[in-house]
1. Quick one: label points 7 angstrom along Cα→Cβ at B:GLU95, distances to the other copies in nm, smallest first?
2. In Å, what is the Rg of the alpha-carbon atoms in region A:8-76, and how long is Dmax?
3. Just to verify a number: FRET efficiency for B:ASP7 and A:SER45, C-beta to C-beta distance, R0 = 22 Å, to 0.05?
4. Can you list the distances in nanometres, one decimal and ascending, from the A:ARG8 label point to the identical position in each other copy, with the point 7 Å along Cα to Cβ?
5. How would B:VAL49, A:VAL62 line up from fewest to most surrounding beta-carbon atoms within 10 angstrom?
6. With a 10 Å Cβ neighbour count serving as the proxy for reagent exposure, in which order, fewest first, do A:THR70, A:THR12 appear?
7. Any idea what the B:GLU67 label distances to the other copies are, label 7 Å down the Cα→Cβ vector, nm, shortest first?
8. Taking 7 Å along the Cα-to-C-beta vector as the label spot, tell me the B:LYS65-A:GLU106 distance in nanometres, rounded to one decimal.
Protein chains: 2
Amino acid sequence: MVKHYSDRLDATFHALACPTRRGMLASLMSGEKTVSALAEPYAMSLAAVSKHIKKLEVAGLVERKVEGRTHYCRLNAKNMAEAHAWMERYRRFWEGKLDLLEALLEAEDREKETK
Amino acid sequence: MVKHYSDRLDATFHALACPTRRGMLASLMSGEKTVSALAEPYAMSLAAVSKHIKKLEVAGLVERKVEGRTHYCRLNAKNMAEAHAWMERYRRFWEGKLDLLEALLEAEDREKETK
DNA sequence: ACTATATTTAACCACATGGTTAAACATTAT
DNA sequence: ATAATGTTTAACCATGTGGTTAAATATAGT
């Protein structure tokens, strides 16, 4: 199996498929954070955190600015757009289904009234 | 490591992090399909396809109706809603950033005009 | 120069993932 | 009853994942 999450969507969805990484993104919504600040809520080594951040970076969801020995991470939510747009297709699909359902129910109601 | 993708979001994003499974969902947009129909575009065994479908099922994205020896799969796009909603938060975030940028540019423009 | 701080990298481990083939299961057709 | 069809399950394999600890790297403070 030769799988490198080369595809951007793969990388993005994979990055999001983990509560730790989603938590980190949420944490970054309130602004730039250093690696250790990001690590703080989690009971795991910095080495592990470092890897999580790297995945977020590879997926383009997080950007890093190195200043001396400190690494500042910030959210790049814009790069979630592709994945969001992908899902949007399905949102339309399920809304379409609901619209159809609604139409059917309305039709049923009219049926009753004229009975 | 004890990870079971118990969380619904985990399961959903994980299911989506694979081109094969995304392809299957896309294929189901045009209507119900049997397992072998779903498998047809892919150069892999039915056994492998079966496992992919199961993941989509566990994530609640696909539902199965067994009729005799044939299994009919259909899309349940509605169960993508949670993941979509999760991303929506971030869409607002990046739109907010764009709005802010726009505001800044406008402010700059006004600056120039009054100069 | 020495030490402390911030972080990554390397080597390792247990378990997950995505594939395979072969066999089992369930249903339909002959 | 036998054979063919549609699908899953079991056993297996190579590689990926998410964690660990220990060492390396880079910078800042004394």
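Taken together, the values in this text are just the output of simple stated rules run on the coordinates, not laboratory data. This one's a predicted model, so the numbers in the text were calculated from it and none came from an experiment. As a convention, Cβ positions derive from the backbone with ideal geometry for all residues, glycine included, and neighbour counts pool all protein chains shown.
1. Ordered by increasing distance: 1.1 nm.
2. Values for region A:8-76 (Cα only, Rg and Dmax): 11.1, 33 Å.
3. Step by step, r from the Cβ atoms, then E = 0.45.
4. Counterpart label points of A:ARG8 in the remaining copies fall at 2.9 nm.
5. Going from sparsest to densest Cβ surroundings: B:VAL49, A:VAL62.
6. Placing the least packed residue first, the sequence is A:THR70, A:THR12.
7. So the distances to the same position in the other copies read 6.4 nm.
8. So the two model labels end up 2.5 nm from each other.
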